[in-house]
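A short write-up of the structure that comes next.
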Amino acid sequence: MADQQDLAEIERIAVELANVAGAEITLALGRILDVRYKEELDPDQPYRDPVSEVDDRVEKLIRARLAEIFPSHGIIGEEMDEELPQDSDFVWAIDPVDGTANFVNGFPLFSASIGVLHKGVPVVGALWCATSHALRPGVYHGRQGGRLMFENVAVEPRRNPLVRRRLVGMPQPVQGWGLWETRKTGSAAIECAFVAAGLLEAARFNTPNIWDVAGGIALAQIAGARVFTRPEDWTEFTGFGAPAQLARWKQPLILGHAEPALLLEHLGQ
């Protein structure tokens, strides 16, 4: 386990950077943005993966700041492909705008996600979210051994026992579930944050990238949620693996507050 003093400082910087990202996103709202598409990822769906000028600018700002403060730390970002230093225990996984399709269309469900790994294990998360349990934008954040926070205030989810059907995030909404109602937000990061904060009972992702979920996994585990992945069979998530594997990590994922057997039975299809 990483030193708590180190993690506290890393969390502080992660929150600072998440707020920088949030400010850039907010400033861009309502403007006509320059948008391109990653057509090479899926030629059959050439407009599936948009990238805005804000994605590029935010990642550059974050990389520059981290190079000043933590020059020995590795960085994995969605928009810039750089080789990781193999001797770095700490790696930052950054998605400058998660939910870009929502963002460029003005649909207000998106996030800026920052996760920090120590030897492949998520230990710090800071997610600026366009909305929250408090009905306002802000940063969910936390560190291993600490508490889930929103804007530096502890988050204490309260369940209403009269609510019989709770919500789960799914890649495709499912009709007719008696146990849960399904939702698809278009942002893996915001769904992770909502699981951590208790707004979603659980979430399932088919093939997320590390930058989509690293910060959210940290927050979910800090909040007491269970996390499972499936390299072959479903198993408890323990980390993303060695540095050389991080950028290529892409596995099904389930996280939630329900009993593990219930999560895997209903979401692990």
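Descriptive notes on the structure:
- Residue match in the range 150-157 (condition: within 16 Å of the chain's Cα centre (by Cα), surrounded by 12 or more Cβ atoms within 10 Å (Cβ to Cβ) and farther than 22 Å from A261 by Cα): yes
- Test: residue in the range 174-181 that is under 15 Å from the mean Cα position of the chain (by Cα) and either at pLDDT 95 or above or surrounded by 14 or more Cβ atoms within 10 Å (Cβ to Cβ) (or both): no
- Candidates N105, N160, filtered to the one that is closer than 29 Å to R63 by Cβ, free of Cβ contacts under 8 Å to residues at least 60 places away in the same chain and open to solvent by 40 Å² or more (accessible area, probe 1.4 Å): N105
- Only one entry of A223, A197 meets the criterion of being open to solvent by less than 10 Å² (accessible area, probe 1.4 Å), in contact with a His (Cβ under 9 Å, 6 or more places away or on another chain) and either among the aliphatic types (A, V, I, L, M) or modelled with pLDDT under 90 (or both), and that entry is A197.
- Within the range 242-259, tally of residues that are closer than 16 Å to R166 by Cα and open to solvent by 20 Å² or more (accessible area, probe 1.4 Å): 2
Results for (1) at pLDDT 90 or above; (2) surrounded by 14 or more Cβ atoms within 10 Å (Cβ to Cβ); (3) not β-branched (V, I, T), shown as yes or no for each residue.
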position: A21; (1), (2), (3): yes, yes, yes
position: R31; (1), (2), (3): no, no, yes
position: E79; (1), (2), (3): no, yes, yes
position: I94; (1), (2), (3): yes, yes, no
position: L109; (1), (2), (3): yes, yes, yes
position: G115; (1), (2), (3): yes, yes, yes
position: P122; (1), (2), (3): yes, yes, yes
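- Any hit, the range 119-140, residues being of a type in the set (V, I, T) and outside any strand (DSSP E or B): yes
- As a summary of the residue check, E181 satisfies the conditions (1) within 27 Å of R147 (Cβ to Cβ); (2) touching a strand residue (DSSP E or B) at 6+ places or on another chain (Cβ under 9 Å) except for the one numbered (1).
The values are calculated or read from the model by the stated rules, or taken from the named source; none is laboratory data. Bear in mind that the values here come from a model prediction, so they are computed numbers and not experimental data. Cβ coordinates were reconstructed from backbone atoms using ideal geometry, including for glycine residues, and neighbour counts include every protein chain displayed. Keep in mind that these areas ignore ligands, DNA and RNA; they rest on the heavy atoms of the full protein, side chains included. Shrake-Rupley method; radii C 1.70, N 1.55, O 1.52, S 1.80 Å.
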